[in-house]
Amino acid sequence: MLLYTSLILVPIILTPVELLSKRLYAFLSLFLIWIVIAFRALTVGSDTLTYAQLYGQLAAQNLSGSSLLELVNGRFELGYVLLNKFLYVITPNPRILLIFAATIEMIAIGYFINKFSTSQSLSIILFITMNFLAFSMNALRQCLALTLVVLAVVFLIENNDWMYLVMVIGASFFHKTALIMLILYPIWKMKLTKKIVITIFLITIVVIFSFEKWFGFLTTSIDSYNGYQVSAIGDGGGSTALYAKICILIVIIIFSYLSNRPEMEDTKIKPEFNLKIWKFFIVMLCISVSITLIALQYSQINRIATYFDIAYLVLIPRAISTTKNANIRFLEYLSVIVMSSAYFLVVQLYRPEWFGIIPYHFGWL
């Protein structure tokens, strides 16, 4: 736990550097996180060892004829297999897979935070304390997909539709669930009103009540989901974490909504964060709440919500930055850091099985 506690404190200690150079600050902070993710022992993370053991097998995978078709319909996406093949040419050591994933993730997160966050330090702390760090050491394929999804969101906001589409499709080659991010396209293009949020939750209610029917169809019709059992529905596994997450997301949404709204034009707060972007990120969190509610029926679905959770990395700092009173603003920053850190530490101490990152050991080879 000492390592994770230190990792939380480092962005705070380096705050003076942020005042001098935001790029240098982001590099130093994310570099330390990169080391922790890239050079973790293969026993850190619930599925790290599995991916390491499969590295050579996937690199040797035959991609011709029926083997390719079987692969596409199977557990591992084509993009992930090709990545294993490419990296295996460089070295048979699976460490390179962890280094590669950590590198592109830190670049994407750094770019996203620099683009939209009004406080890089708080965004980086939230990345650690709100379990993005833990997620990065568990779900390797989805972590690769998340990296491209982060860039896709940036391109969508910049109205670069083709690059947005390329990034989402590319992400699906590492984890099929990334295709759900296509729903953001029509949302971004339409006028963002309360009706959208109401529609999202109405759809959620319908999905929850018909869950067993469509989930059963999914698991029996699609080969890559055959390993998921309908009998696991409502087994209560991980429900405590899901309820906690729902409560946290609702608090974040309310806090962000009640903060000073930016004008339609770019706000004076840099980086640019106009009213539409503000609403868009709030809608993303509403979608995350909906998916998490559905995940109460089957907890593994919650991983899909992670794509939308990236919104709070920039929404929370932005909401706090609009507080005019400096003393209150400082108290808000401090409160968020203390509460999110406490949440992280409590989860890791009392529910270490949720992520499998305790105890932490370095693995250099």
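Exactly one of these conditions fails for LEU146: (1) surrounded by fewer than 23 Cβ atoms within 10 Å (Cβ to Cβ); (2) under 11 Å from the mean Cα position of the chain (by Cα); (3) under 26 Å from LYS279 (Cβ atoms). Give me its number.
Condition (1) is where LEU146 drops out.
Residue-wise test of (1) basic (Lys, Arg); (2) part of a helix (DSSP H, G or I); (3) surrounded by 20 or more Cβ atoms within 10 Å (Cβ to Cβ); (4) more than 20 Å from the chain's Cα centre (by Cα).
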| site | (1), (2), (3), (4) |
| --- | --- |
| ILE304 | no, yes, yes, no |
| THR323 | no, no, no, yes |
| SER335 | no, yes, no, yes |
| MET339 | no, yes, no, no |
| LEU349 | no, yes, no, yes |
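I'd like the full set of residues that are without any contact (Cβ under 8 Å) to a residue 60 or more places away in the chain and either more than 14 Å from ARG141 (Cβ to Cβ) or out of contact with any Leu (no Cβ under 9 Å at 6 or more places or on another chain) (or both), limited to the stretch 74-86.
LYS85, PHE86
Within the stretch 169-183, can you find the residues that are out of contact with any Leu (no Cβ under 6 Å at 6 or more places or on another chain) and part of a helix (DSSP H, G or I)?
ILE169, LYS176, THR177, ALA178, LEU179, ILE180, MET181, LEU182, ILE183
Are any residues in the stretch 18-31 surrounded by fewer than 19 Cβ atoms within 10 Å (Cβ to Cβ) and either more than 28 Å from PRO352 (Cβ to Cβ) or aliphatic (A, V, I, L, M) (or both), and if so, which ones?
LEU19, LEU20, SER21, LYS22, ARG23, LEU24, PHE27, LEU28 - these are the residues of the stretch 18-31 that are surrounded by fewer than 19 Cβ atoms within 10 Å (Cβ to Cβ) and either more than 28 Å from PRO352 (Cβ to Cβ) or aliphatic (A, V, I, L, M) (or both).
Going by the structure shown, is SER290 among the polar types (S, T, N, Q), modelled with pLDDT of 90 or more and under 24 Å from the mean Cα position of the chain (by Cα)?
When the stated conditions are applied, SER290 passes them.
If only one of ILE183, ILE124 is closer than 19 Å to ALA305 by Cβ, more than 12 Å from the chain's Cα centre (by Cα) and not hydroxyl-bearing (Ser, Thr, Tyr), which one is it?
Values: ILE124 fails: closer than 19 Å to ALA305 by Cβ.
Selected residue: ILE183, the only one of ILE183, ILE124 that is closer than 19 Å to ALA305 by Cβ, more than 12 Å from the chain's Cα centre (by Cα) and not hydroxyl-bearing (Ser, Thr, Tyr).
Consider LEU192 against the criteria (1) of a type outside the set (Asp, Glu); (2) at pLDDT 90 or above; (3) surrounded by 14 or more Cβ atoms within 10 Å (Cβ to Cβ): it satisfies all of them except one. Which criterion is unmet?
That leaves (2) as the condition not met.
For ALA152, are the conditions met, namely being in contact (Cβ under 8 Å) with a residue 12 or more places away in the chain and closer than 17 Å to ALA38 by Cβ?
For ALA152, the condition - in contact (Cβ under 8 Å) with a residue 12 or more places away in the chain and closer than 17 Å to ALA38 by Cβ - is not met.
Do you know which of the residues in the stretch 231-257 that are hydrophobic (A, V, I, L, M, F, W, C) and farther than 20 Å from ILE287 by Cβ is modelled with the lowest pLDDT?
Per the criteria, the residue is ILE233.
For the stretch 27-44, give me the residue count where each residue is in contact with a Phe, Trp or Tyr (Cβ under 8 Å, 6 or more places away or on another chain), over 22 Å from ILE90 (Cβ atoms) and outside any helix (DSSP H, G or I).
Qualifying residue count for the region: 1.
The values are calculated or read from the model by the stated rules, or taken from the named source; none is laboratory data. Since the structure is predicted, the reported quantities are computational estimates derived from the model, not experimental observations. In this analysis, Cβ positions are derived from the backbone assuming ideal geometry, glycine residues included, and neighbour counts consider all displayed protein chains.
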